[in-house]
Amino acid sequence: METSFKSSATNYGLYLGGILSLATILAYALKLELFTSIPFGILLFAITITFGIVSTYKAKKIQEGFITFKDAFTAYFITIMIGIAISAVISFVIFNFVDPKLPYN
């Protein structure tokens, strides 16, 4: 069965969401100062960009070495959107249900 680049991008988005969610949970559990740490933010940003680039590269490989701008953007956007959406839901749960007074400390 041939894999489409959209399903590949979805898989990379799920992996990205898992990594970003894990980073958020670990930052909450281990050291709250990581939420405001510049190096931590840069690391998460670099991971996000890297996953988008890898997803685009994989989409190009699936389409036998040629990809249009539309397909490249679609693969990149799907990956980033799914990953950030999962991370946002986890952050929402932590800040609104698990520890609602955390942002005000």
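The values are calculated or read from the model by the stated rules, or taken from the named source; none is laboratory data. This one's a predicted model, so the numbers in the text were calculated from it and none came from an experiment.
Each row is one residue, and each column tells you yes or no for (1) among the aliphatic types (A, V, I, L, M); (2) within 17 Å of the chain's Cα centre (by Cα); (3) modelled with pLDDT under 95.
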site	(1), (2), (3)
LEU32	yes, no, yes
PHE35	no, yes, yes
GLY41	no, yes, no
ALA46	yes, yes, no
*Looking at this structure, is ILE94 hydrophobic (A, V, I, L, M, F, W, C) and more than 17 Å from the chain's Cα centre (by Cα)?*
yes
